[in-house]
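Below: one structure, written as structure tokens.
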């Protein structure tokens, strides 16, 4: 896709989301149906950066409002949720150039609870 045909990032995006928008549209052609997915991925990336900046500023623990004891920063879980959302959106965009690697064939003795396949001449050893 040429640089001249790349649509501008939505104005609601921050720096990280806008950069990601431009990078993705520079590398891949995205159809109209997937533009909303791309925007959601960009928003999630902005939220991840916002959470990370606040956590960096405040530290991994903050004082509990109840008794002042240190507790995990509440934005840690929000950051994790936005990261999972971003990963899901990127997967939904299907931007990978390489096809999925072929699945490994099952181990011959891993079927039917670890027993060998039918027709195999297998006699278990007896305890001596």
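Just so you know, all these numbers are worked out from the coordinates, no wet-lab data involved. Please read all numbers here as calculations on a predicted model, not as lab measurements. Methodologically, a virtual Cβ is constructed for each residue, glycine included, from the backbone with ideal geometry; neighbour enumeration extends over all protein chains shown.
For the peptides 45-54, 63-72, the ranking by mean Cβ contacts within 10 Å, running from highest to lowest, is 45-54, 63-72. Each principal axis of the Cα atoms in region 3-97 has its own extent, and those three values, largest first, are 55, 22, 19 angstrom. Between region 54-97 and region 27-45, the C-alpha centres lie 22 angstrom from each other.
Annotation for residue 61 and residue 96: the two label points, set 7 Å from Cα along the Cα-Cβ direction, are 4.0 nm apart.
Scoring 27-38, 9-20 by mean Cβ neighbours within 10 Å over their residues and listing the highest first yields 9-20, 27-38.
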